[in-house]
Structures are given as structure tokens and as C-alpha cells.
Amino acid sequence: MIRVTDDIILQDWELSESFSRSSGPGGQNVNKVSTAVELRFEAARSPALTQAVKTRLRRIAGRKWTLEGAILLRVEDTRSQARNREIAAERLAEMIRKALVAPKRRIATRPTLGSKKRRLDTKTKRGQVKSLRGRVQED
């Protein structure tokens, strides 16, 4: 069970963990102990998330989102399996917290009269500078 916010709690049936050997640090231990964690979260079937949050979460997850609608996180940062499990859970919770924030809608605005005039003035000046770059005519 992972607590994302006070309102959103991910249940155990939505999460599954599998362990494998890590390619990171560990010396001789790395060949014997399965410390890498692969956390799978069934995001598309989760009742804790709204459809809008799921859509934003899919964009945030990117390649971590599978065709079945699950998020796969693989963590092999430390030598400790327990610490890797904590890191994976925290990364998932952070991803969901980001998806909870709805982006601000952009309000279309028109350029002011002053900004239009300044733009045209700079265009005129630039054109004059370029016209002076031609060959010098002898009188």
C-alpha cells in the first residue's frame, strides 16, 4: 500500500514487485543477491485515479507506460533491496503527484499597439542597415 496524498492510496492489488540481479555496485554480492526492483502499477485499472489524472500520468510516464496500461519502474540504485523498494515507491508517488496538478489554461492575448509599432520600427531600421551593405557606387 502506497500513500500518495491524503485522498489517494494505492492498494496492494494494483502493485506488483519482482526482483532480479542488479548491474550496479555490490562486488561479489551482485552475482548472488537479487537487489534490483521492478515495480508494476496497474494505472489504467486504478480506481483511485480519475481519467484526467490517468491521461496526464500516461504523458509523464512516457516509455514506462506499457500497452496494457501499467507503469513499470526499475530501480537498482543501491545495494539494498529494501532501499530500492522504497525508492521505487517514492518515484511512483512523485509521478502521480505531478499528474494530479492540472496545467493552467493559456489565455490568448493580442499584442498592444505600442509593441506593434516598435516591431515595425526595428524592421525598418534593420532593412536600412541591410540596404547600406551593397556595393559603393562611384559618382
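Between ARG59 and GLU86, the contour length at 0.36 nm per residue exceeds the Cα-Cα span by 7.4 nm.
Considering only ALA61, LEU49, VAL129, the residue lying farthest towards the positive end of the dipole of the chain is VAL129, judged by Cα position with unit charges set on Cβ. Each residue of segment 99-139 gets 104 Å³ once the volume of the Cα convex hull is shared out per residue. Annotated for segment 75-130: lysine pairs at least 8 residues apart or interchain, Cα distance under 23 Å, count 4.
Gaussian network model of the chain, Cα springs within a sub-10 Å range: biggest mean-square fluctuation belongs to which of ALA93, ALA108, ALA70? Looking only at ALA93, ALA108, ALA70, the largest GNM fluctuation is found for ALA108. The calculated pair-distance distribution of segment 27-85 uses every alpha carbon pair, bins of 5 angstrom beginning at 0, and gives 4, 19, 21, 17, 12, 12, 8, 5, 2, 0 percent. Sort out the exposed loop GluC sites (Glu not before Pro) in the chain (DSSP loop, at most 14 other Cβ within 10 Å) and tell me the longest stretch that has none. It works out to 69-137. The trypsin sites (Lys or Arg not before Pro) of segment 64-133 meeting both criteria, a DSSP state outside H, G, I, E and B (loop) and at most 13 other C-beta atoms within 10 angstrom of the site's C-beta, are LYS104, ARG105, ARG106, ARG133.
If you wrap the chain's Cα atoms in a convex hull and average its projection over all directions, what's the area in nm²?
18.3
Every read-out reported here was derived from the displayed coordinates using simple, explicitly stated rules and does not represent laboratory data. Fair warning: this is a prediction, and the values are worked out from it, not measured in the lab. Cβ atoms come from the backbone with ideal geometry, glycine included; neighbour counts cover every protein chain shown.
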